[in-house]
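Let me begin by presenting the structure, written as structure tokens, before commenting on it.
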Amino acid sequence: MKKTLLYGLFSIIAVAILASCSKDIGNYDYHEINQITFTDFQSATGYQAKSGEILTIDPKLDMTKDASPDPGNYSYEWSLRLGSSSAPPARDSIISVDKALNIKIGLVAGTYSLQYRVTDKKTGVEFQKRATLTVTTDIYEGYLVLNEVNGQSRLDMLSYKATSNSFEQYTDVLKKVGSTLPMQGQPYQVLCMQYTNANIAAQNYGIFVLTSAGTSRINQETFAYDQKSSIRYMFVGETPLNFAPQRIIGELSLGIYPLLYLFDNNNIYNYSTLASFYAFKYSPLNSYSASGTPFKLSPHIVTNGTAAVMYNLDKRNFVTAASYNSVALADAAPTLNYPVGYDLIYMGKDYNNKAFAVMKDPATAKYWVMRFNIGSAQTSLQQVLIPDFENAKNFVLNPDWGYLFYSIGGKVYEYDLALQQSKLMVDKGSEIITYLDFQRFFKRLAKTNLNYPTWASLLTVASYDPAGTPGSNGTMELYTVPPVNGQLIKTSSWTGFGKIVSVSYRER
């Protein structure tokens with residue numbers, strides 16, 4: 001009986017609802033509201049401003065129902081959000097409530113999401129636009145150049161200016177920005193690359209400066225220094241106070257996880273974020289077991305982010321690290337067909353992970369070049385049959401055509417490994433070449449700077465005039481490498497350096 005009453009009640013309610021709906025004939029009075037459109041607001045390209053300078057943006061506002069708008073009828077709001085995304089939080093940090101933006105930029109260098117919001121006070125309807133705001137500094141990005149001047153180290157910079165697509169040269173850039181990084185001693189190397197992930201540390205980009213006085217990182221935006229920036233603070237285990245590594249090798253495992261090898265006095269230490277171990281272990285990797293006796297290792301190391309190839313100086317043979325988190329090394333497997341008993345002169349790779357090794361047979365004094373893919377068998381081993389090769393220095397492999405470049409005195413040669421022929425490409429006369437390389441751009445395929453793919457293919461040539469004034473007698477040049485053994489084409493040149501020993505590009 002109760003169920004019958006309930007069903008009946010529900011039926012009556014349903015009929016009443018349907019009846020009320022049937023009486024609604026849609027007699028509404030619609031009014032078109034005032035619409036606001038924005039012009040002269042760069043949503044697609046965004047804005048760029050230098051920290052400390054004035055940014056002015058004055059968009060034009062067009063109202064569909066207000067031909068002569070009274071500014072008092074509208075409210076304005078400019079706001080910023082860290083990062084270029086328009087994702088929540090919904091409200092940003094308000095920086096201005098004026099119709100036009102005119103503020104002094106006091107932000108740290110980086111990328112921000114800029115929003116312009118206009119509200120019609122009569123209707124309460126809001127209209128908004130977003131654009132990316134990139135805040136830069138004088139040292140935002142560019143080539144960092146490590147020099148030797150009278151036995152001491154100096155860091156210079158070629159700072160890239162996106163607005164003019166050009167470089168501005170800063171001699172002693174650390175002095176320019178007031179950095180207190182000690183620069184005593186002989187320069188070894190400068191390396192710029194991400195060394196950890198942003199969720200681990202806000203300062204996740206490493207600018208490593210190696211000298212005979214020690215190794216340190218400097219602030220990724222200001223180049224500032226404090227004692228905790230010493231490489232010793234990146235170690236688990238007590239390192240000596242005079243710890244001064246001579247070389248650092250960096251790669252990205254799987255393209256995103258930083259991997260570092262640090263070389264000090266024939267020992268190697270590894271650091272891998274893919275292994276979730278955000279520190280070096282003060283226990284040399286160069287042994288055949290985790291607790292074994294270290295053997296002497298060559299400073300020439302190549303890695304693809306997973307496997308690595310190194311050279312045992314005691315046994316004169318190649319050794320390998322199977323993984324980014326290896327705790328010991330192993331002799332190269334016989335199936336790899338790597339030679340033994342040679343003196344390793346140099347080993348390097350290009351950004352395609354094509355590797356090479358220049359070796360000397362101590363029994364015959366003959367030179368050999370081996371090519372291989374890291375972690376795989378050698379692809380070629382050939383004797384070098386060109387004169388004066390025993391004086392060759394500064395070897396580097398071209399990533400596009402596979403040519404081997406090297407220098408002798410003030411001359412740069414291109415060695416075609418297929419033809420086994422060498423060709424003079426650059427003659428600096430009485431100057432001495434101190435550095436050759438193709439710069440490593442880790443973001444080569446990203447779109448943060450569309451020049452990166454081109455710049456990665458340019459040969460960097462550094463030289464100095466022994467008769468010139470120390471500190472200003474050095475030159476750095478960039479060359480395009482044509483195919484089919486074409487003559488190098490100089491694209492850029494800068495003077496006023498010291499004796500250049502290392503160059504690395506600070507990317508964005």
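Values quoted throughout were computed directly from the atomic coordinates according to the rules given, and no laboratory measurement underlies them. All figures in this text were calculated on a predicted structure; none of them were measured in a lab. Backbone-built Cβ (ideal geometry, glycine too); neighbour counts: all protein chains shown.
What the table shows:
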read-out: Which of Val319, Val484 has the fewest Cβ neighbours within 10 Å, and the rest in rising order; value: Val484, Val319
read-out: Residues Thr239, Thr136, Thr495 arranged by fewest to most Cβ contacts within 10 Å; value: Thr495, Thr239, Thr136
read-out: Residue-averaged [θ]222 nm for the chain, counting only DSSP H segments that reach four residues, each worth -39500 (n - 2.57); value: -2000 deg cm²/dmol
read-out: Amide hydrogen neighbours beyond the local backbone of Tyr346, cut-off 5 Å, H modeled; value: Val358
read-out: Beta bridges by DSSP in the chain, antiparallel share as percent, to the nearest 5; value: 95
read-out: In order through segment 148-163: 3J(HN,Hα) via Karplus (6.51 cos²θ - 1.76 cosθ + 1.60), integer Hz, x for Gly, Pro; value: 10, 10, 6, x, 10, 9, 9, 10, 10, 8, 9, 7, 7, 10, 5, 5
read-out: Cβ-defined net charge surrounding Lys499, 12 Å radius [Lys, Arg +1; Asp, Glu -1]; value: -3
read-out: Calculated SAXS-style log₁₀ I(q)/I(0) at q = 0.22, 0.24, 0.27 Å⁻¹ - segment 225-274, Debye, Cα scatterers; value: -0.90, -1.01, -1.13
read-out: Shape category assigned to segment 367-508 from the gyration tensor of Cα positions, a/c cut at 1.5; value: oblate
read-out: Length added when fully stretched, Ser43-Tyr282, from 0.36 nm per residue minus Cα-Cα; value: 81.0 nm
read-out: Footprinting exposure proxy for His300, His31 (fewest neighbouring C-beta atoms within 10 Å first); value: His31, His300
read-out: Per principal axis, descending, Cα span of segment 36-136 in whole Å; value: 40, 27, 22
read-out: Zero-based 10 Å bins, Cα pair distances in the chain, whole percents; value: 3, 16, 22, 21, 13, 8, 6, 4, 3, 2, 1, 0
read-out: Cα gyration tensor category, rounded, prolate or oblate, for segment 332-441 with a/c compared to 1.5; value: oblate
